[in-house]
Every structure is written in structure tokens, then in C-alpha cells.
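Scroll down for the structure; my scribbles are underneath it.
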Amino acid sequence: MNETVIDTGEAATTMSRRWAPGRPVSLMATLGTLRRGSGDPTWRSTPGGFATTWHTPGGCVAVRFTEHARLGEIEVTGWGPGAEWVCDRLPQMLGADDDPTGFVPHHDLVAELWRRFPGWRVPSTGLVVAALVPAVIEQLVTGAEAFAGYRYLVRKFGDPAPGPFGLTTPPTPRRWMSIPSWEWARAGVDATRASTVLRAVSYAGRLDECAHLPLQTAHRRMRAIPGIGVWTAAEVAQRALGDADAVSFGDYHVPADIGWALTGSPVDDDGLAELLAPYAGHRFRVQRLLELGGIHRPRRGPRMTIRTHTPSVARRR
């Protein structure tokens, strides 16, 4: 069952669509990685799902996703000029184009997790810049530090989102480019990461075209921008491009966690590449299944140091 309801009587368009995928779908497992920490001003939990806000090719939108498990349907409602674009892309966002054919678990744990999470597929929002900016802010820092910085910048330089949720839409590319250097410092974002964001958003149109390119070409285009490497491109591809093979090489935890989960011993990036070689084409599928299962090595070593860039920025875990 698919239905679209359009209301243009308000100043901003409201549109809804229901999609019956014919398979289990877990909203949070699939799209939960779009949330940037518990205080993300672009995100709010709602009954049966969540609401978020983006800049889309159709314009700004606030969107609510709702899971109707009894009916086997997913409903999306959008407010704002981007509502139609989001409704049209609903199946792809929830992994309709993700093809697990050829994915063969080579480890008992992976097989068990694949059975436990039948509602997860690799999402494809098609919104490259929306995924890229927070990924750059997360480079080489703890999640708590990155989330706090992103939260500060969105709240100060974003705009009120349409719809009833009180969300804040992230800055537009032009607005990101206008943020002064001292505000990046107040957010705890060092000059290197801030410069990378500014370079990236100056090519926003070219980057968002990656959603329509072959994956290898899309990765090359992203990585052609100085400051965007394998890790950042993978983090974007996992969310925006539906890339089931985009492993987070270079991550502080991922190689050690996967190595520990599958062999009992942490590994480095080279060891991770060797360990996941039998899963070629589906290597991110393994990474995400282990994340969904909460599989992490015991944290006995020292944690990453939380850095403060100005005296006014409070220390974070």
C-alpha cells in the first residue's frame, strides 16, 4: 500500500506517504546513525519513530518517520518545500536499494546478528553535505566533543525548521561559510576541521551530485577535497550513499572492536582489511551489525583526551 496526501492550504506544503516494504524495517536501526548525540537539535523522538530536519534538493523540510509494525508500513510526513522530495525518496532512505545478495556470514557471531536484525538495511538519504559536515567535525575527537560542537553551531547558526517539532535546521552551505573563526573555536572545532568544512561546503553542489554517481566515483570526488580522507568518506557513504562496503578505516575504535569480536584480539587497520576480505562488497554490513549488537571490546586502556580550545569551552567526557 502506497498513499500520498498533500495539503497546500498552509503557507508550507505538508505531505505524507505510507510505504509497505514487504519485509521487516527497523527505523532506528536503519536511520539512527543520522542522530548526532542525545542533544541533537535537528532530531526529536516521537511516538513510534522520530522527527528530523534537512536541507534537500526540494528545499528545507521537517520530517517525521513513523513505524506501523502491525500494518507492516512505514509512514513519512514532511513539512516545508522539501516534503515531496523526502516522500519520493522514502524507500531508498530505508534501504530499498540495498541488496544483501552475496552476503555470506563467515563467523557465527555475524550470522547470529544477521538473524537478529532483519529490519536493518544500509540507508541512502541522498544528502551528502548533510552527512559530511558533522562527519568532518567528528574527525579525530571523541563523540562527546564532536556532538557538543555540532550542537552549538547548529543552534547558533541554523534556522527554525518548519513543522510542529521545534527543530533547528542545520546551516545552509552559505551560512556555514559565514561562521567566523572565533565561533568555531567556541564550539571546540579546531582550525583544521573548520577549514575542511568550509572547503567542502564551497563545493556543495558537486558533492550532492555524488548521490547519483557510481560509488567509486563518489568516493574519489569526496576525497579530492583536502581534509576528507577514507574515514570521512566512509562515514558519509554509510548514511547518504547506501554503500554496504564502506568500512570506517582509521577509526579509533572500529578496527579493535571488530578484531576483538571476531577473533578475540584487537587488530589495526591492516588487520581489519585482512579480516574483512571475505566480506568484500559487504564489509560495512559486518561493522554495523556488530554495532547494532552492542559488541565492543572491554575498555581497559586510557580514553582519548578531551581537548578544549578556549577557556570558555567546558571540558567534556
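The values are calculated or read from the model by the stated rules, or taken from the named source; none is laboratory data. What you see is a predicted model, and the numbers here were worked out from it, not measured in a lab. Virtual Cβ from ideal backbone geometry, glycine too; neighbours counted across all protein chains shown.
Summary table below
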{"read-out": "Condition broken by Gly119, with the remaining ones in (1) part of a helix (DSSP H, G or I); (2) out of contact with any strand residue (DSSP E or B) (no Cβ under 6 Å at 6 or more places or on another chain) satisfied", "value": "(1)"}
{"read-out": "Subset of the range 13-39 (residues that are among the charged types (D, E, K, R) and in contact (Cβ under 8 Å) with a residue 24 or more places away in the chain)", "value": "Arg17, Arg18, Arg23, Arg36"}
{"read-out": "Pair list, Cβ under 9 Å, 6 or more apart: the range 104-124 residue surrounded by fewer than 13 Cβ atoms within 10 Å (Cβ to Cβ), other residue among the aromatic types (Phe, Trp, Tyr) and at pLDDT 95 or above", "value": "Val104/Tyr279"}
{"read-out": "Test for Thr30: is it hydroxyl-bearing (Ser, Thr, Tyr), under 11 Å from Thr168 (Cα atoms) and surrounded by 20 or more Cβ atoms within 10 Å (Cβ to Cβ)", "value": "no"}
{"read-out": "Contacts under 9 angstrom Cβ, first residue in the range 256-279 being farther than 17 Å from His296 by Cα and of a type in the set (Asp, Glu), partner at pLDDT 95 or above and buried (at least 16 other Cβ atoms within 10 Å of the Cβ), 6 or more apart", "value": "Asp270/Pro255; Glu274/Val267"}
{"read-out": "Conditions (1) farther than 16 Å from Val133 by Cα; (2) in contact (Cβ under 8 Å) with a residue 12 or more places away in the chain; (3) of a type outside the set (A, V, I, L, M, F, W, C); (4) not in a helix (DSSP H, G or I): number failed by Gly294", "value": "(2)"}
{"read-out": "Helices (runs of 4 or more DSSP H) (entirely within the range 153-268) containing at least 1 residues that are among the acidic types (Asp, Glu)", "value": "181-186, 204-208, 230-240, 254-263"}
{"read-out": "Set Glu145, Glu183: member being surrounded by fewer than 18 Cβ atoms within 10 Å (Cβ to Cβ), of a type in the set (D, E, K, R) and out of contact with any strand residue (DSSP E or B) (no Cβ under 7 Å at 6 or more places or on another chain)", "value": "Glu183"}
{"read-out": "Selection count, the range 71-86, where residues are over 13 Å from Gly59 (Cβ atoms), of a type in the set (A, V, I, L, M, F, W, C) and not in a strand (DSSP E or B)", "value": "1"}
{"read-out": "Filter result for the condition that a residue is crowded, with 23+ Cβ neighbours inside 10 Å, over 29 Å from Pro47 (Cβ atoms) and modelled with pLDDT of 95 or more, over Gly188, Gly229, Gly242", "value": "Gly188"}
{"read-out": "Some residue of the range 36-48 being touching a His at 6+ places or on another chain (Cβ under 9 Å), part of a loop (DSSP other than H, G, I, E, B) and of a type outside the set (Ser, Thr, Tyr)", "value": "yes"}
{"read-out": "Yes/no for Gly78 being at pLDDT below 95 and either more than 28 Å from Gln139 (Cβ to Cβ) or surrounded by fewer than 21 Cβ atoms within 10 Å (Cβ to Cβ) (or both)", "value": "no"}
{"read-out": "Test: residue in the range 126-136 that is aliphatic (A, V, I, L, M) and in contact with a strand residue (DSSP E or B) (Cβ under 6 Å, 6 or more places away or on another chain)", "value": "yes"}
{"read-out": "Close pairs (7 angstrom Cβ cut-off, 6 or more residues apart or separate chains): under 27 Å from Glu145 (Cα atoms) and free of Cβ contacts under 8 Å to residues at least 40 places away in the same chain in the range 40-68, of a type in the set (D, E, K, R) and in a strand (DSSP E or B) anywhere", "value": "Gly49/Arg64; Gly49/Glu67; Phe50/Arg44"}
{"read-out": "Residue in the range 12-28 that is modelled with pLDDT under 95 and in a strand (DSSP E or B) present", "value": "yes"}
